[in-house]
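*Asks:* Structure in structure tokens, see below.
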Amino acid sequence: MDRFAQALELQRPRLRRLAMGWTRDTDEAEDIAQEAILRAYRKRDQFQPETNMNAWTAVIARNVAINRFRRFHRSNETLSLDGLSDTESGVAMVPDKDESRHPERVFWKREAENRIARAIGELSPEHQQVIRRAAIEDRPYDEIAKELNIPIGTVRSRLFRARENLRQQMATMN
């Protein structure tokens, strides 16, 4: 296995977590991560070494997910792409497959998710970084600390403060 393939393989857990946030389905998340890695490998000549591989593979995974959702939608099933277009917050807003029978439930679920996305957008950049990685991508604190080059205690502290700020913002929105 060449170095590029090894580097891509290291992306798999992160891509799986991202896809899990979008789909809320373990098998679908694994399929998206696998397909994204394969596409990235096939397009390795387009990767610029001085760029961020995390961002590059995340965009590929997002595109894979969008294409899969579009194919699913064309097969006469109801599924929303709203969650994938909301890259600002990273909050997934894809309804469960059987929710198409309950439009009111879908409306209120999306409304709550939109409020959460807006509240996350109001956080400081440092708090947004940590809440996205810990709560949305479900990454371990030590991995977040290493990536952001901060102590693990700072990760915990920022996450605590971010959650407190979100609680306060959500209380004022209601």
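The values are calculated or read from the model by the stated rules, or taken from the named source; none is laboratory data. The model shown is predicted, which means the values in this text are computed figures rather than measured ones. Counting neighbours? That spans all protein chains shown, and the Cβs are built from the backbone with ideal geometry, glycine included.
*Asks:* Spot the failing condition for R156; the list is (1) free of Cβ contacts under 8 Å to residues at least 24 places away in the same chain; (2) not in a helix (DSSP H, G or I), and only one is missed.
*Replies:* Here R156 meets the rest and fails (2).
*Asks:* Tell me which helices (runs of 4 or more DSSP H) are completely within the range 1-86 and hold 1 or more residues being at pLDDT 90 or above and in contact with a Pro (Cβ under 6 Å, 6 or more places away or on another chain), or say none if there are none.
*Replies:* Because the criterion is at least 1 residues that are at pLDDT 90 or above and in contact with a Pro (Cβ under 6 Å, 6 or more places away or on another chain), no helices (runs of 4 or more DSSP H) in the range 1-86 meet it.
*Asks:* Write out, first by first residue and then by second, each pair whose Cβ atoms fall under 6 Å of each other, whose residues are 6+ apart or on separate chains, and whose first residue, in the range 12-30, is over 18 Å from E113 (Cα atoms) while the second is among the hydrophobic types (A, V, I, L, M, F, W, C).
*Replies:* Every condition considered, the pairs that remain are R12/A33; L15/A33; L15/A36; L15/A61; R16/A29; R16/A33; A29/A19; A29/M20.
*Asks:* Looking for whichever is of a type outside the set (S, T, N, Q) and either touching a Leu at 6+ places or on another chain (Cβ under 7 Å) or at pLDDT below 80 (or both) here; the options are I131, I144, I152. Which one fits?
*Replies:* Step by step, each of I131, I144, I152 is checked, and only I131 is of a type outside the set (S, T, N, Q) and either touching a Leu at 6+ places or on another chain (Cβ under 7 Å) or at pLDDT below 80 (or both).
Matching residues to (1) over 22 Å from P140 (Cβ atoms); (2) in contact with a Gly (Cβ under 7 Å, 6 or more places away or on another chain):
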site	(1), (2)
M1	yes, no
A5	yes, no
E9	no, no
L18	no, no
W22	no, yes
D27	yes, no
F47	yes, no
W56	yes, no
N67	yes, no
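*Asks:* While we're here: Select, from E137, E164, the only residue that is acidic (D, E) and crowded, with 17+ Cβ neighbours inside 10 Å.
*Replies:* E137
*Asks:* Confirm whether A92 is small (G, A, S), touching a Phe, Trp or Tyr at 6+ places or on another chain (Cβ under 7 Å) and either modelled with pLDDT of 90 or more or part of a loop (DSSP other than H, G, I, E, B) (or both).
*Replies:* On the way: small (G, A, S): yes; touching a Phe, Trp or Tyr at 6+ places or on another chain (Cβ under 7 Å): yes; either modelled with pLDDT of 90 or more or part of a loop (DSSP other than H, G, I, E, B) (or both): yes.
Yes: the conditions hold for A92.
*Asks:* Does I131 satisfy being free of Cβ contacts under 8 Å to residues at least 40 places away in the same chain, closer than 18 Å to P13 by Cβ and assigned to a helix (DSSP H, G or I)?
*Replies:* So I131 does not fit the description; no.
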